[in-house]
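Step one of this worksheet: look at the structure below.
The values are calculated or read from the model by the stated rules, or taken from the named source; none is laboratory data. Please read these numbers as outputs of a predicted model, since none were measured by experiment. As a convention, Cβ positions derive from the backbone with ideal geometry for all residues, glycine included, and neighbour counts pool all protein chains shown. Surface accessibility is based on the protein's heavy atoms, side chains included, excluding ligands, DNA and RNA. Shrake-Rupley method; radii C 1.70, N 1.55, O 1.52, S 1.80 Å.
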Amino acid sequence: GDEPDGSAKFMAAFLRSGQVSQAVKDFVARDGLVLGICNGFQALVKSGFLPYGDPDLLHDNSPTLAHNRQLRHVSRIATTRVATSGAKSPWLTSFAPGKIHRIPVSHGEGRFVVSEDQARELFAAGQVAFQYVNSEQIPTLAAPENPNGSSYAIEGIISPDGRILGKMGHPERYREGLMRNIVDIEVQNIFANAVNYCLRQASH
């Protein structure tokens, strides 16, 4: 369940264990892709695979995910904007910076917390994948557009090599014909981007 520090804490402990951590690092080094959505994003951040790509780099002041600022579960449609170049990550290859997506969010612990210095580093490195935006398509800290109060409106980030993506929104919940009352909703097809990347790698 979406309990405070619940499943994410368990998954992060599992990911930090020596054999598992090394196996994931080896997999990524072989051009493998890793995705964490919602609780999976929490686990990747709390383990250090995000934003560093390596749990050994995790420290006490690393970015984390905390309770929503409203202190309650939030379930709604959020608007996000692509914040980096598609060249930065196989997950993002078909997206131009500024591309808008409307996607479901549903979580109680989705507030991305990061210091100013670390946020500056993430933006400079192109590791901020998506940000929550308002109706003017401007990143915002205000609810309900920023559904959890995330610092710098950050909804998703990538590892330095771009092969690990974590995000709070649920693009996998979109199906054609669903959510017909949501204007302009469409698939945020990170999955097709990943499949196309794997096909290209296999053909080399």
Do the sum for the chain: with -39,500 (n - 2.57) for every DSSP H run of n ≥ 4, divided by all residues, what is the mean residue ellipticity at 222 nm, to the nearest 500 deg cm²/dmol?
-> -8000 deg cm²/dmol
Could you pull out the trypsin sites (Lys or Arg not before Pro) across the range 49-80 that fall in loop regions by DSSP (anything but H, G, I, E, B) with no more than 16 other Cβ atoms inside 10 Å?
-> ARG69, ARG72
Loop-located trypsin sites (Lys or Arg not before Pro) in the range 95-204 whose Cβ has at most 14 other Cβ within 10 Å (DSSP) | ARG175, ARG180
Write out the GluC sites (Glu not before Pro) in the range 104-140 meeting two conditions: DSSP loop, and at most 10 other Cβ atoms within 10 Å of their Cβ.
-> GLU136
At least 15 Å along the helix axis (C-alpha) and Kyte average at least 0.0, DSSP helices within the chain | 18-29, 190-203
Once you have the Cα-Cα distance between ALA124 and ILE138, take 0.36 nm times their residue separation minus that, and quote the gain in nm to one decimal.
-> 3.2 nm
Surrounding charge for GLN201, neighbours by C-beta under 12 angstrom, Lys/Arg +1, Asp/Glu -1, total +2
1.4 Å probe accessible area per residue over the chain, in Å² | 49
So, with a 1.4 angstrom probe, what is the percent of accessible area on the chain that is carbon and sulfur?
-> 53
